Amino acid sequence: MPSLAETHIENRYRVQPNDANNYETLHGGELMKWMDELGAMSAMRFAGETCVTAGVDDFSFHRPVPVGEIALIEAYVYDAGRTSVTVRLRAWREDPRTGETERTTGSSFTFVALGEEGAPVAVPELTVETDEERELQEKARNAES
């Protein structure tokens, strides 16, 4: 059974002018795309199967990410159903010169595991082993409510 820590993925994207809106900040749709892609990678690492997006909950933008800064995105699986996987996603703006970060976005995405025929397949049970994993799971569950 995969542990929460084994599903943890982090990636950085440099915000370029073609990623921006009229205010020269990261377009929300672009950030959603990046979060969806990273969330799917985390879900697939957990399920061992191809996973597709089934739903998005509580997508909140707290502050913008200006052109030239970094969008830092973190994903991890914190819950699993019979064929579904729930991934917590958070994003920060990161200054590329100092490494200073500020949280910008949070959300939970639900993915469904698909087998070779394209039909939903069972996923393993999630293992939460350490105090840090329990804390991350609790924070993700509390963010849902």
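At q = 0.11, 0.17 Å⁻¹, what is the log10 ratio I(q)/I(0) for the chain, with the Debye formula run over Cα points and no solvent?
Debye curve over Cα of the chain, log10 I(q)/I(0) at q = 0.11, 0.17 Å⁻¹: -0.42, -0.90.
Keeping every protein chain present and rolling a 1.4 Å probe, give me the accessible area per residue for the chain in Å². Spell out each step's value before the answer.
Values: 7740 Å² over 145 residues.
It amounts to 53 Å² per residue over the chain.
Given H placed on each backbone N at 1.01 Å, which residues far from residue 20 in sequence or on other chains put an amide H within less than 5 Å of it?
27
Can you tell me the length gained on complete extension of the stretch residue 134 to residue 60, counting 0.36 nm per residue apart and subtracting the Cα distance? Spell out each step's value before the answer.
Values: separation 74, 0.36 × 74 = 26.64 nm, distance 2.33 nm.
Difference between extended and current length: 24.3 nm.
What net charge is computed for the residues neighbouring residue 40, neighbours being all others with C-beta under 13 Å from the C-beta of residue 40, Lys and Arg scored +1, Asp and Glu -1? Working shown, then result.
Working: positive: 33, 45; negative: 36, 37, 49.
Neighbour charge sum, excluding residue 40 itself: -1.
Set the Förster distance to 35 Å, then compute FRET efficiency between residue 52 and residue 24 from the Cβ-Cβ distance, nearest 0.05.
Working: r = 33 Å, r/R0 = 0.94.
With R0 = 35 Å, the Cβ-Cβ based efficiency is 0.60.
Under the Karplus relation 6.51 cos²θ - 1.76 cosθ + 1.60, θ = phi - 60°, what is the ordered set of whole-Hz ³J(HN,Hα) values for the range 92-106, x standing for Gly and Pro?
So the J values, rounded to whole Hz, are 10, 8, 10, 6, x, 8, 10, x, 5, 10, 9, 5, 10, 8, x.
If you roll a 1.4 Å probe over the range 1-94 with all protein chains in place, what percent of the accessible area is carbon or sulfur?
Numbers: 2040 of 4540 Å².
Looking at the range 1-94 in its full context, I get 45 percent from C and S.
The values are calculated or read from the model by the stated rules, or taken from the named source; none is laboratory data. Please read these numbers as outputs of a predicted model, since none were measured by experiment. Don't worry about glycine lacking a Cβ; one is built from the backbone with ideal geometry, like all the others, and counts go over all protein chains shown. Just the protein is used for accessible areas: all its heavy atoms, side chains included, with ligands, DNA and RNA removed. Shrake-Rupley method; radii C 1.70, N 1.55, O 1.52, S 1.80 Å.
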